[in-house]
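Notes follow the structure.
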Amino acid sequence: MSGRHSAAARPQSRALPALLMLLAASIIAVGGFVVVNASKGVAASGCDGSLPVRLAAAPEMAPVLEEATADLEAEGVSVKGTCVDFEVQAAAPDQVADGLATQPANAPQLWVPDFSVWVTRASQTGAAPATLSKSLGNSPVVVVGPDAAPPASWQEVGMNTVAYLDPMTSSASTAALLSAFGELAVTGATMNEMGAMMVPLAQRYGAQPDKPKTVEDVAEAVAKGRLGVMTEQQLMSLQHSGKAEGFDATVPKSGTMVLDYPLAALSPEEYARDAGGQLAVYMAGSAGADLLADHGFRNVQNEPLASGEGLGDASVPVLPAPDAEAVTGALKQWAVLTVPSRSLAVVDVSGSMDFTDGGRSRISLAVTAAGGALKLFPDNAQIGMWAFSVGLGSGNRDYVPMVPIRSLASSSRGVTQREAIGGALRKLPRMTYGGTGLYDTTLAAVRTLQDDYDARAINSVILLTDGANDDPGSLTLKELVWTIERERDPARPVHVIAIGMGPEADADALEKIAGATGGRSYVARNPEDISKVFIDAMLSR
């Protein structure tokens, strides 16, 4: 044997029961795991030669598998008479997934990520992982904090100031994000309500100058009074090292997702799959359960920790993991939403905005919806505002700048930018007059953002109107679209998010304008749809 496993780093070797060896030779499926091509006969000793099997495991699970494979090797684990020599390497799941996409020839033969979502994502890159075990162990995603009480839902958690790692690389945070969508059927929340949580959550995360990079960073934030998101196992590890004293663990009443630590084969080699199958059988037995408990993991049946630590002995409602498309969509949306915003809100104040829909004037509805949308943006967002109608500005311009684009946290003459925009919105109902100077205003707004482009942010024009262009001296729609497309710079994209409101909104024109910039258009025919449209627009920016 190669001696890669250190006896000093683990408790005394657990003898591998003969029954498990027989199971490894014959079982096709037991409980939560599947054994592929299990060996028909395993010699307990006297095997010839050695077969190295490289296994990459999530860092927190690697010590468990070091001990498990050492026990297997001590008992002479073999494939067709040749000894197996496991080489266990701790590797973050995102690093293994990236390697599968860029250097597949260097991939390990076996892989134990912390969440089955990683196996799904690897399949989407062209790799062909074969699941040998659906779970080698489990750890629920929990909410931690001093005297933490169970929140009603993950949506409620997201509305708080909560510390967590980047969902793009942390499976616990990914699972929490996915749980917020998975619980919709349980809580009855709408996608609009979910969007109202997700937009500010992602924007707040993106605005943090010093984002948590380790679970210890999350613990430090929790010690200062915030809630935190991590796994039960991570909390156990922190508590045993004295870094999470006084922290309680809980889960939302709607349920949570569980990191399941699947075992996948990344190569077609039969001997590696046979060896992985025997490891899965070991982990499903009592010796494997003891190892998992020693390191703060639940067993493959997801039973509470025997020590009573973590979530205690209470049952945990488990939310199902979503399909591959939902995972990819949620993470892409998150990645976009965390990028800071730089937006110019352009609001129609033509005479038709005085028309009433549902008992309120359109301009009043627009002001209310825009004010609500403003609350979705963190202080580092850069936002300015124009009003427009035919001839409203000087020099025959159809627009007038109300507030220049600045960070919402900035101040001018003792007034914050957020307050300045709020004050400008309240002025709009007194400005309604004239026709809809839509086309000239749109082109001017796009050019303004192009001329003062911020490469660190998503630059967009948020265009709100209730009608069609009726400025006889303006560009035509065809001329506007042609000009936007001709001047469009892929390296400096400015998207138009066009929001039409009321029955007279020119949906066709708005769609063509937004499409020319790579943006999106929406039409709220009913007053109650306006706020929903604003949130949808922010989610799809």
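The values are calculated or read from the model by the stated rules, or taken from the named source; none is laboratory data. These numbers were taken from a predicted model, which means no experiment stands behind them. FYI the Cβ positions are ideal-geometry reconstructions off the backbone, even for glycines, and counts take in every protein chain you see.
Tabulated results
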quantity: Matching entry among ALA122, ALA68, ALA152, ALA163 (being under 22 Å from LEU201 (Cβ atoms), surrounded by 20 or more Cβ atoms within 10 Å (Cβ to Cβ) and in contact (Cβ under 8 Å) with a residue 24 or more places away in the chain); calculated: ALA163
quantity: Criterion (among the charged types (D, E, K, R), in contact with a helix residue (DSSP H, G or I) (Cβ under 9 Å, 6 or more places away or on another chain), crowded, with 19+ Cβ neighbours inside 10 Å and more than 22 Å from THR368 (Cα to Cα)) met by exactly one of ASP471, ASP466; calculated: ASP471
quantity: Residue in the stretch 514-524 that is farther than 25 Å from ASP454 by Cβ and in contact with a helix residue (DSSP H, G or I) (Cβ under 6 Å, 6 or more places away or on another chain) present; calculated: yes
quantity: Among residues of the stretch 104-122, those that are in a helix (DSSP H, G or I), farther than 30 Å from SER254 by Cα and of a type in the set (S, T, N, Q), counted; calculated: 1
quantity: Entirely in the stretch 190-248, the helices (runs of 4 or more DSSP H) that have 3 or more residues that are aliphatic (A, V, I, L, M), modelled with pLDDT of 90 or more and closer than 19 Å to GLY310 by Cα; calculated: 215-223, 232-240
quantity: So ALA189, is it assigned by TED's automatic domain parsing to the domain that holds VAL77 and in contact (Cβ under 8 Å) with a residue 12 or more places away in the chain; calculated: no
quantity: Within the stretch 369-387, considering residues that are free of Cβ contacts under 8 Å to residues at least 60 places away in the same chain and not small (Gly, Ala, Ser), the one surrounded by the most Cβ atoms within 10 Å (Cβ to Cβ); calculated: TRP386
quantity: Number of positions in the stretch 268-301 that are buried (at least 18 other Cβ atoms within 10 Å of the Cβ), among the polar types (S, T, N, Q) and not in a helix (DSSP H, G or I); calculated: 1
quantity: VAL481 modelled with pLDDT of 95 or more, in contact with a strand residue (DSSP E or B) (Cβ under 6 Å, 6 or more places away or on another chain) and in the same structural domain as ALA387 (by TED's automatic domain parsing); calculated: no
quantity: Some residue of the stretch 508-517 being under 27 Å from TRP334 (Cβ atoms) and polar (S, T, N, Q); calculated: yes
quantity: Residue in the stretch 221-258 that is nearest to LEU201 (Cα to Cα), counting only those that are among the charged types (D, E, K, R) and either in contact (Cβ under 8 Å) with a residue 40 or more places away in the chain or outside the structural domain of GLY158 (by TED's automatic domain parsing) (or both); calculated: ARG226
quantity: Residue in the stretch 128-181 that is farthest from the chain's Cα centre (by Cα), counting only those that are among the acidic types (Asp, Glu) and at pLDDT 90 or above; calculated: GLU156
quantity: Residue check, PRO490 without any contact (Cβ under 8 Å) to a residue 24 or more places away in the chain, in the same structural domain as PRO401 (by TED's automatic domain parsing) and under 33 Å from the mean Cα position of the chain (by Cα); calculated: yes
quantity: Criterion violated by VAL88 - all others in (1) part of a loop (DSSP other than H, G, I, E, B); (2) at pLDDT 95 or above satisfied; calculated: (1)
quantity: Qualifying positions in the stretch 393-425 - buried (at least 19 other Cβ atoms within 10 Å of the Cβ), assigned to a strand (DSSP E or B) and in contact with a Phe, Trp or Tyr (Cβ under 7 Å, 6 or more places away or on another chain); calculated: TYR399, MET402
